[in-house]
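The values are calculated or read from the model by the stated rules, or taken from the named source; none is laboratory data. Just so you know, these numbers come straight off a predicted model, no measurement behind them. Virtual Cβ from ideal backbone geometry, glycine too; neighbours counted across all protein chains shown. Heavy atoms of the whole protein, side chains included, go into the accessibility calculation; ligands, DNA and RNA do not. Shrake-Rupley method; radii C 1.70, N 1.55, O 1.52, S 1.80 Å.
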Amino acid sequence: MKRRIITTGDGSKTIHIEDWDEQYHSKHGAIQEAYHVFIKNGLDACSGSQISVLEIGFGTGLNAFITLLEAAKRQLRIHYTGVEAYPIASEEWSELEYVSQLQVPSLKPVFEKLHKCSWETPIHVDNRFVLHKQQKDFRSIIDEDLFNLVYFDAFGARVQPELWTEQIFQKMFAALKPGGILVTYSAKGSVRRAMQSVGFLVERLPGPPGKREMLRATKSGPLNL
């Protein structure tokens, strides 16, 4: 499918898929959406100094990069698993300019390492951040009781409804530790009901700019056991 780099409302860039009329991030602001959904309402809700993250849709690497930045600020140790069926090309991620937008020019080699490092094996990107990229379909995930936090950043249900089903959320529920949480930009009623049907406790939260609400789901039990 034809893809092109576009500039979003906050000045940061994302990838637009023309056949679907769908973006990797919000057209209202890629970086501000990522921080609002996945850091403010995800990472901030986790306790402890060691956090295991599963990202559904590694995509541009933006969520992984800002999580790495937050790990350094907060003295956290992060084990980050990014699942992606169709990795983007080097000519795409090199044009996104997240390093300059986030004002961390010295970390350009780190952002590049997130994309260049090997798939299917854990890589120490720095002394606080281990990245394990896995190239596979989300429906093949079989992890159990492994993660504190899931960033559910799949393409929207309008274009890929099969990724927003009870089957998928059952896999997410199983992959989380008791008390673990899942955050997503979506606020669709069908998504919320699918989450609830597999046992999640679901909250509606204020969404990022341009979106009224988002969802956070918790696997019942004490946080981060």
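A few remarks follow.
- Each residue in the stretch 17-45 was checked for being open to solvent by 20 Å² or more (accessible area, probe 1.4 Å), hydrophobic (A, V, I, L, M, F, W, C) and touching a strand residue (DSSP E or B) at 6+ places or on another chain (Cβ under 8 Å), and 1 of them qualify.
- Counted residues, the stretch 139-149 - those being surrounded by 12 or more Cβ atoms within 10 Å (Cβ to Cβ) and not in a loop (DSSP other than H, G, I, E, B): 4
- Considering residues of the stretch 144-178 that are among the charged types (D, E, K, R) and in contact with a Gly (Cβ under 9 Å, 6 or more places away or on another chain) only, the residue farthest from S47 (Cα to Cα): D153
- In the stretch 97-120, the residues that are more than 23 Å from Q135 (Cβ to Cβ) and modelled with pLDDT of 95 or more form Cβ pairs under 9 Å with partners that are assigned to a helix (DSSP H, G or I) and of a type in the set (S, T, N, Q), at six or more places apart or across chains, as follows: V99/S106; K108/S100.
- Restricted to the stretch 116-138, and to residues there that are within 16 Å of the chain's Cα centre (by Cα) and not in a loop (DSSP other than H, G, I, E, B), the residue that is surrounded by the most Cβ atoms within 10 Å (Cβ to Cβ) is L131.
- Subset of the stretch 150-169 (residues that are assigned to a strand (DSSP E or B) and under 12 Å from F138 (Cα atoms)): F152
- When E70, E84 are checked against the criterion of being within 19 Å of S140 (Cβ to Cβ), open to solvent by 10 Å² or more (accessible area, probe 1.4 Å) and modelled with pLDDT of 95 or more, a single residue qualifies: E84.
- Any hit, the stretch 201-224, residues being at pLDDT 95 or above and at positive phi: no
- Positions within the stretch 170-190 being within 21 Å of A34 (Cα to Cα) and touching a helix residue (DSSP H, G or I) at 6+ places or on another chain (Cβ under 8 Å), in sequence order: I181, L182, V183, T184, Y185
- Any hit, the stretch 184-195, residues being touching a Ser or Thr at 6+ places or on another chain (Cβ under 8 Å), polar (S, T, N, Q) and open to solvent by less than 20 Å² (accessible area, probe 1.4 Å): no
- Out of P178, P105, sole residue that is within 23 Å of L76 (Cα to Cα) and touching a strand residue (DSSP E or B) at 6+ places or on another chain (Cβ under 9 Å): P178
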